[in-house]
Each structure stands twice: as C-alpha cells, then as structure tokens.
Amino acid sequence: MRARAFLVLSALVLVGCGSRDDRAAPQGVDRSANESAPQAQAKTLPPPDSLVGEWRVAGIDGNSLTGNIGIAVSIDENTIGYEPRCRGFVWNYRYARGEVGVTRAPPLNSPVDGVPAPVCLVAVPPELIALGKAFDAVEQAGRTPENGVLLSGGGHSVTLFSQ
C-alpha cells in the first residue's frame, strides 16, 4: 500500500516538473496563443508587396496584446518606428519579396552639432520593450489568413493589421 502511494505521489511530482515556457510575458500580452501557428500560416501566403503604412500591433511573439495598451507602428519607405521614438524605437530597413533587413537607427537623444540632446524621461511599458526586441530580429515578412502582416525572425514575431 505504501509503495503504491509512493508511486502515485512520484508520478504527480514528475507531471509538475514537465517542461514549460519560463519566459515571462509582459503584462498585457496573452501567452495562451499558439506561437508557431501564425508563422506557419504566413509562409503559405504570398508576402506583402510593401510594408509601408500605419499599423496596429495585434501580437508580439505569437501572443495577442490584451489589456489597456494599443501600439501603433508607422512604416515608410525607409524606417519603422513607434512612440516614444526618443527612446530608440526607430529602425532603418530594406524590404524585397518577403525578405527584411533591419538596423536600429541612431538614437534621437544624441547631441548634434554641439546642440544638447532633448531629454526623454518617458516611462516605457514592457510591451514596447518586447516589441523592440522583436523588431531587432525581423528577417522576413508574410501575410496572415486575416490579411495582416507577420514580421518574424530570430525566434520573434510581430503581427500587424492596417489602421
């Protein structure tokens, strides 16, 4: 009887030790979404002709944005950016047939020609930092079945919808 109880308890302990994702999700990001499904679906659809536009961030790293945060991203022919830009959320990029190359733009808070840089004391929520890490890694663009754009690379992704 004791041996049986020991086996049952051991099995329960092992179940509790199973693998799980230890990465902490920023507040406002729902980790319940499947991270690989959007990337797999985006690869079967043709890439967008262009990334230029005003976009709403719908997901970061496969997780939907939740809560009281909305993030807008502006993409023109050369740059990707979102506010607060003074905190370095600006990238130069190039795009061709689904392939994306990004580099962080020089910080806006650097002195120019001897003129002191503006002070940027804006608090940054964790969702904006997670989005910045995802944009740092972007290598490819694809479409989602919902007509969104999925930017991905380096184990990160950003899902965008037109505004």
Residues Ile60, Ile71, sorted so that the one with the fewest Cβ neighbours within 10 Å comes first: Ile71, Ile60
Sort 95-101, 154-160, 125-131 for me by packing, meaning the mean count of neighbouring Cβ atoms within 10 Å per residue, highest on top. 154-160, 125-131, 95-101
The Cα radius of gyration of the stretch 57-125, divided by 2.2 N^0.38 Å with N its residue count, comes to 1.33
Given charges at beta-carbon only (K, R positive; D, E negative), |dipole| of the stretch 46-163 in Debye: 140
For Arg104 and Val124, extending 7 Å from Cα along the Cα-Cβ vector and measuring point to point gives, in nm, a value of 0.7
Shape category assigned to the stretch 99-163 from the gyration tensor of Cα positions, a/c cut at 1.5: prolate
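FYI, it's all coordinate maths here, none of it is from the lab. Small disclaimer: the values here were computed from a predicted structure and weren't measured. Note that each Cβ is placed from the backbone with ideal geometry, even for glycine, and that neighbours are counted across all protein chains shown.
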